[in-house]
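Participant: Mind having a look at this structure? Questions to follow.
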Amino acid sequence: MHTMAALEAKNRFGELLDTAQREPVTIEKHGRPVAVMLSAQDYRELEALKLAALRAEIRKGLDDIEAGRTVDGDAAFQAVKERLEE
């Protein structure tokens, strides 16, 4: 992955756009990564992957409900509270 300082990205924006078409570019400010620029195609693919993962988790949850694999909400929160107090 290519890295650019924010000022360099600003001053060389056209080059930044060209590079982002080939590979993601990390933008750093004061040496810390603050953003990543990527191609529109890579972004669409990333969003599609996130949506597919979300749908899979929802399906899993619905399957658990249908199979009776549920926990009472109050009991779940009580168990979490007890673990936090350990």
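Values in this text are rule-based calculations from the coordinates and carry no lab data. All figures in this text were calculated on a predicted structure; none of them were measured in a lab. Here Cβ is always computed from backbone atoms with ideal geometry, including for glycine, and neighbour counts include all displayed protein chains.
Participant: If you take P(r) over Cα pairs in 10 Å bins from 0, in percent from the coordinates, which of (i) 17, 51, 28, 5, 0; (ii) 16, 42, 28, 11, 2; (iii) 15, 24, 18, 16, 20, 7 do you get?
Facilitator: From the options (i) 17, 51, 28, 5, 0; (ii) 16, 42, 28, 11, 2; (iii) 15, 24, 18, 16, 20, 7, the structure gives (iii).
Participant: I've got another one for you. Between E57 and A75, what is the label-to-label distance in nm when each label sits 7 Å out along the Cα-to-Cβ direction?
Facilitator: Rounded to a tenth, the inter-label distance reads 2.4 nm.
Participant: Return a single number: how many Lys pairs in the chain, at a sequence separation of 8 or more or on separate chains, have alpha-carbon atoms below 30 angstrom apart.
Facilitator: Details: K10/K29; K10/K50; K29/K50; K50/K60; K60/K81.
Close lysine pairs under the 30 Å cut-off: 5.
Participant: Calculate the spin-label point distance for Y43 paired with R83, positioning each point 7 Å from the Cα along the beta-carbon direction, and give it in nanometres.
Facilitator: 3.7
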